[in-house]
Amino acid sequence: MTDSGRFDWWTSLTTGFLQATVADPEVRRGRTILAPTSWRPRTTSTVGQPPSSGGVVPESAVVEKDAAAKCRAYLATAQKQFSFEDRRRDLARFTRDFYKKRLQVRASRSLREVFDALADPDTLLIEMAHDGQLPHLGIVRLVLKSHSIARQDSNALALYLVGNHYTAAMRPENLRFGVPLKGGSPDDVKHPPRIRLGKAQSHVPFRLLGPPSAHSLFALRDQVTDFVENNLSHEAKRGHRTLPNARKRILLRLDEEFRMLVLAASEVASFGDWLIRAQYDLFHRMMGEEADRIVFLPMADLTSLLRPELTVVAERANDVSAIKAEVGREQLSAGIEPYTRSAREPPLWAYCLACYRRTRVPWQPGNALELVCPFCASHVVLAAEEAWKWVMPDIIGYEAALFRLGIAGWVVGSHAPYHPVIERTYGRLFGVEMPPKFFLTSVPVFRGIGDPRDGYSRTRLLRAFLEMDPPAVAKGLAGPWSDDPKLRSDLLAA
């Protein structure tokens, strides 16, 4: 239950299920998690402005209005250069099926309007993509700013693409809860609270793993609880006052979060889908129904819509390699570390069916794929159609193909060295200019209980929700593009 007395859950967990889970002999006994009793969050919003910000920040509105105008102008030009009406209908159908069959999200009237808008080639689509993780506030801000740009146009949506092809080994920190310990950075915690997958599964793509078990999630909750207790004591020892009911409020919010996470895990079939569903729920806690206008999609599965473009990328692999080498030389001469120093590598990855590690392959769509895994020596030959299920383009090929869906703008969080490679590849392979990019490089800093004195710059959203109401977090992240938002726990005394 929230501090206002409302439940924010999408559906109910049965009391029997929770009691059976908590009664597991391997789970530490303690607080009992009660089942939520309602379906949809009751946060309300005002259409036409970012509902969680309490109104548009003036400085941001200028930037976002200009960005939306650039996206609208780009889309008008793109519509004259290539047709994507069929692709938009495919995207709408894909999204509708993904929400219904995999995320188990009920299609409200608001969502049905979103699905219809996706099929409309005149709808602006503002993309933000990131690797699959428990998101930190910098990622959340990128998504919210994408939504804010979309809100400046009368017919626009934000697309949030989640990298469900990533693995725990690729970004170990992505599965951490992100809680600090006694004034130290969460990065320095020796045994940080995190989703534990095990060494054997660390190289398996999230989309091929099952969701976390209720047992593992409750164990994580108990570990976070211990950190909370230590951090409250630490703040008292160093003379920093917290609100008298800080402990009670944090533990109530913690239980609420983990009920949500357990519910999400019980309704999806893969770890990748769980990461997406959890973020879908978290954003709806911040924004209410307005979050429907942020479309959450899995990066890997979207490639099923991009096969014609990925075929072009594969067939012109030599051209792509030449562009990588060309841009790399320019970057080196400018003193910039290039995207790659191995420009001749093929633009497609293939996953081993035995160990699930990936390796680059010179595959030509339409042909069988023969793969000898360099890690486990497994040998497999896949028929042309089957091969698509095990192939993933690199970031260059992926974005170049994705733009053909009629993407009108791209919000990014850094000046990564692959950006000029993507821009040149898209222009050379498809003969048109890529969508405008909007850089959001500011860094949110959160100061909560147990954090370093100056706060922490990669606070996870789950952790921030323990000490701030969700709409307040969204409001704190809605500041001007050039500013580094400063968020402070509601539970630290002034």
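All of the numbers you see were taken from the coordinates with simple rules; none came from a lab. For clarity, every value in this text was computed on a predicted model and none was experimentally measured. Positions of Cβ are generated from backbone atoms using ideal geometry, with glycine treated the same way; all protein chains shown enter the neighbour counts.
Numbers below:
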{"read-out": "Fraction of beta bridges assigned by DSSP in the chain that are antiparallel (%, nearest 5)", "value": "45"}
{"read-out": "Under 12 Å, Cβ to Cβ, from Ala300 - net charge with Lys/Arg +1 and Asp/Glu -1", "value": "0"}
{"read-out": "For the range 52-163, average projected area of the Cα convex hull in nm²", "value": "8.0"}
{"read-out": "Under-5 Å amide H pairs with Phe438, H placed in peptide plane, nonlocal only", "value": "Trp410, Val411, Val412"}
{"read-out": "Subset of Lys101/Lys486; Lys100/Lys182; Lys101/Lys199; Lys190/Lys486; Lys248/Lys475 violating a 32 Å alpha-carbon distance limit", "value": "Lys101/Lys486; Lys100/Lys182"}
{"read-out": "Cross-link partners of Lys389 among aspartates and glutamates (Cα-Cα below 13 Å; sequence separation of 8 or more within a chain)", "value": "Asp301"}
{"read-out": "J(HN,Hα) series, the range 364-374, from Karplus relation 6.51 cos²θ - 1.76 cosθ + 1.60, nearest Hz, glycine and proline x", "value": "10, x, x, 10, 5, 10, 9, 9, 10, 5, x"}
{"read-out": "Rounded Å value of the spacing that divides the Cα centres of the range 249-282 and the range 162-181", "value": "15"}
{"read-out": "Net charge, Trp349 excluded, C-beta distance under 11 Å - Lys, Arg +1, Asp, Glu -1", "value": "+1"}
{"read-out": "Relative packing of 275-281, 67-73, 337-343, which averages over residues the other C-beta atoms within 10 Å, highest first", "value": "275-281, 67-73, 337-343"}
{"read-out": "For the chain, Cys with no neighbouring Cys Cβ under 4.7 Å", "value": "Cys71"}
{"read-out": "The range 296-319-the range 359-432 distance, computed between alpha-carbon centres (Å)", "value": "5"}
{"read-out": "The chain: DSSP helices with Cα axial extent of at least 27 Å and average Kyte-Doolittle hydropathy no lower than 0.0", "value": "246-267"}
{"read-out": "Cross-link partners of Lys80 among lysines (Cα-Cα below 24 Å; sequence separation of 8 or more within a chain)", "value": "Lys65, Lys70, Lys437"}
{"read-out": "Positive minus negative residues near Cys373 (Lys, Arg vs Asp, Glu; Cβ under 13 Å)", "value": "+2"}
{"read-out": "Sorted peptide list for 380-393, 115-128, 228-241, criterion being average Cβ within 10 angstrom, highest first", "value": "115-128, 380-393, 228-241"}
{"read-out": "Cα-only Debye scattering, the chain: base-10 log of I(q)/I(0) at q = 0.06, 0.09 Å⁻¹", "value": "-0.28, -0.64"}
{"read-out": "Ranked Arg221, Arg307, criterion: other C-beta atoms within 10 Å, fewest first", "value": "Arg307, Arg221"}
{"read-out": "Candidate aspartates and glutamates - alpha carbon under 20 Å from Lys324, same-chain residues fewer than 8 apart omitted", "value": "Glu309, Glu315, Glu337, Glu345, Asp394, Glu399, Glu423, Glu433"}
